[in-house]
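Each remark here refers to the structure printed beneath this line.
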Amino acid sequence: MGTQGEASSAAVGTAPGLTVSPLPGLDGVRAAGEIGLATRGTWQRALEQAVRVDGDVHVDMSGVSFVDVDGARVLADTAGRLPEGRRLVLHRPPATLRRVLEMFWPDQPAIEVSKS
């Protein structure tokens, strides 16, 4: 399977076009690729695993080039199930995701878009 198979062995989840792996140094995950119909299940499973920690969950999205509305819904639904006071902290999400979150989930207090 080549280098991609070797790299995915440490991944939380992989699907054609999306890799989600642990985020070194923080509780959370790093996503790379596209989040859409073909990768929704991987995205959802990775977020469900990531939120099993007790504190805030960090999601590095600097490697994500596209998130469809349903991928944003999965993110908002996951955040909505967090206990009060906990957050999903998004690092460098695509601009389109920020706009979709502002449009459809403007009052979701459990999602924070980090400036860094």
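The values are calculated or read from the model by the stated rules, or taken from the named source; none is laboratory data. Computed from a predicted model, the values in this text were never measured in an experiment. We place every Cβ from the backbone using ideal geometry, glycine too, and count neighbours over all the protein chains shown.
Those strands (runs of 3 or more DSSP E) of the range 40-116 in which at least 2 residues are in contact with a Lys or Arg (Cβ under 7 Å, 6 or more places away or on another chain), considering only elements entirely within it, cover 57-67, 111-114. Checking each residue in the range 96-116 for being of a type in the set (Gly, Ala, Ser) and modelled with pLDDT of 95 or more picks out only 110. The single condition among (1) within 21 Å of residue 16 (Cα to Cα); (2) out of contact with any Asp or Glu (no Cβ under 8 Å at 6 or more places or on another chain); (3) surrounded by 17 or more Cβ atoms within 10 Å (Cβ to Cβ) that residue 50 does not meet is (2).
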